[in-house]
1. Looking only at the stretch 125-178, count how many residues are assigned to a helix (DSSP H, G or I) and free of Cβ contacts under 8 Å to residues at least 24 places away in the same chain.
2. Restricting to the stretch 158-171, count the residues that are surrounded by 10 or more Cβ atoms within 10 Å (Cβ to Cβ) and hydrophobic (A, V, I, L, M, F, W, C).
3. I want to confirm something. Restricting to the stretch 179-197 and keeping residues that are among the charged types (D, E, K, R) and in contact (Cβ under 8 Å) with a residue 60 or more places away in the chain, which single residue is farthest from Cys99 (Cα to Cα)?
4. Within the stretch 180-195, does at least one residue satisfy the condition of being outside the structural domain of Ala98 (by TED's automatic domain parsing), over 30 Å from the mean Cα position of the chain (by Cα) and at pLDDT 80 or above?
5. In the stretch 55-91, how many are modelled with pLDDT under 85, in contact with a helix residue (DSSP H, G or I) (Cβ under 9 Å, 6 or more places away or on another chain) and not in a loop (DSSP other than H, G, I, E, B)?
6. Would you mind listing the helices (runs of 4 or more DSSP H) fully within the stretch 1-54 where at least 1 residues are touching a strand residue (DSSP E or B) at 6+ places or on another chain (Cβ under 8 Å) and exposed (fewer than 12 other Cβ atoms within 10 Å of the Cβ)?
7. Every residue in the stretch 57-85 that is closer than 18 Å to Glu16 by Cβ and either among the acidic types (Asp, Glu) or in contact (Cβ under 8 Å) with a residue 40 or more places away in the chain (or both), please.
Amino acid sequence: MSFLETQAQFRRLLAEQAAWKLLRADTAPLILAFVADLFSDVSEVPFSQAKSVLEAELVRAREAGMLEAQEAAGVYLRRWIQSGWLRELDDSLSMTDACEVALRFCRGLEQRDTHSTASHLRVVQEAVRDLAAALNPNQQQRIALLEARRDELQREIDELHAGVVRELSTEDQRERIREVYQLASVLTSDFRRIEDEIRTLDQHLRVQMIQSNANRGEVLRSLLDQEKLLAKSDAGRAFQGFFRLLMDDNRSTELREQLRMILEHSAAHNLSARQHRFLNRLMRELGRESERVLSVRRRTEEGLRAFVESGALNESRAVERLLGTLERTAVELRDAGVNPRSRLDFALASGIPRVRTVDRMRLRTPEKQIDTSEIELNENAQSPSEAMLESLYHVRILDLAASMRAALQGRGPLTVGALISAEPIDAGLEQLVACLRVARAVGATEFEDKERVLVSDRQGHRLMASIPRLMLHAGLFPPRLEELLL
């Protein structure tokens, strides 16, 4: 590739890539510091909360002389959303893939030693060895590579049986645990990337539908083809792998326990507080990110279906044809030498016609006089009565969350309805609503259909209720239930 070709490529990336634009922005330190602090523990933040936090930070930055602009926090947030650095959905803010790439780049400037360690070289060597074995068409050579790997594992097993336990040095422990964090920190970027691809696909399909004269069948066929391409992309395949791992209770439990063991080891002291916190909630964050991607895909499919079925597609095509006619007429006028600023001698009538007749007038009938002689005036009570308190039932929601987590640990993934069937409800609708609040607080996967459950109240009355189908597993619950926003 020539110098001019490479330069043109980098110029194109500079114009297209939002991550590069973020790094070149004058307020890049402000943006990255705000994002890093705002999303340090959560992946989504309400827009109002982000606005208030940014407003306070802007005041402090202006008082310290670090910022001169007097724009409001909402203006900054809207500008960052339009630039592709933040994303707003359902009045909640989250980082885009471009923002995460820029943030990871800046953090990596102070952690460059982790990229040249022996641990990183070992990971590369193992990946090369596995790929060479998988690509080798020679059967005997492939068998020899696998047998060499087996002999290596057998020697290690024999040493352990003989009582020889080889421990990693302090330097090796530091390198390997930082390598684990380095590999795990890029996992969420795949979720961000597939979310961006879904939104790009949505826009591309809508434009394609408007510009083409295809019928509904051809439009739906195009949609299915694009969905297949999305599933075959790098981010799509990564997401499918993540989702299979998260839905496999044995594998997810194994990974969660292994992470817990590593973080309880003395080698975890080599991690910063932020890195330790990230690995501690890695599985929970992966579950929430996968649910977010599923929600975006479901919204996209529903929006495209409504776009096709509601007639908006035909209206958009009609507008497109009208604009095309106007453009062609304008070109013809230009070619004919007609000045587009010529004054016309006629005016178009505009406004809303209003017709009023006597028949359309509606007269009000007088209301009958209300007898208020027997009405007594009572002041509002300042405290609830005994009868009111007896009709209420208090559900200890943290205790309920603990019991739900214990039930899931022994049974694996279950819907709320299946969990209620296994652990019947005896406190009526209050306890049922509390179960749904816990499920939504931990980020349970919600399906489109509903399920029916049978609950009993304190008097023994049985009630049938229809609730959303929410899939739960024990890994969604945080170690400390007090962290749940209930």
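The values are calculated or read from the model by the stated rules, or taken from the named source; none is laboratory data. It should be emphasised that the depicted structure is a prediction, and the values quoted were computed from it without experimental measurement. Here Cβ is always computed from backbone atoms with ideal geometry, including for glycine, and neighbour counts include all displayed protein chains.
1. 36
2. Qualifying residue count for the region: 2.
3. Top of the filtered list is Glu179.
4. No, the stretch 180-195 has no match at all.
5. Total meeting the criteria: 4.
6. Where helices (runs of 4 or more DSSP H) fall fully within the stretch 1-54, none carries at least 1 residues being touching a strand residue (DSSP E or B) at 6+ places or on another chain (Cβ under 8 Å) and exposed (fewer than 12 other Cβ atoms within 10 Å of the Cβ).
7. Correct list: Trp80, Ser83, Gly84, Trp85.
For every residue, the table says whether it meets (1) at pLDDT 75 or above; (2) of a type outside the set (Ser, Thr, Tyr); (3) over 50 Å from the mean Cα position of the chain (by Cα); (4) surrounded by 11 or more Cβ atoms within 10 Å (Cβ to Cβ).
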residue: Pro366; (1), (2), (3), (4): no, yes, yes, no
residue: Ile370; (1), (2), (3), (4): no, yes, yes, no
residue: Gln382; (1), (2), (3), (4): no, yes, no, no
residue: Ser385; (1), (2), (3), (4): no, no, no, no
residue: Leu392; (1), (2), (3), (4): no, yes, no, no
residue: Ser403; (1), (2), (3), (4): yes, no, no, yes
residue: Ala406; (1), (2), (3), (4): yes, yes, no, yes
residue: Gln409; (1), (2), (3), (4): yes, yes, no, yes
residue: Gly417; (1), (2), (3), (4): yes, yes, no, yes
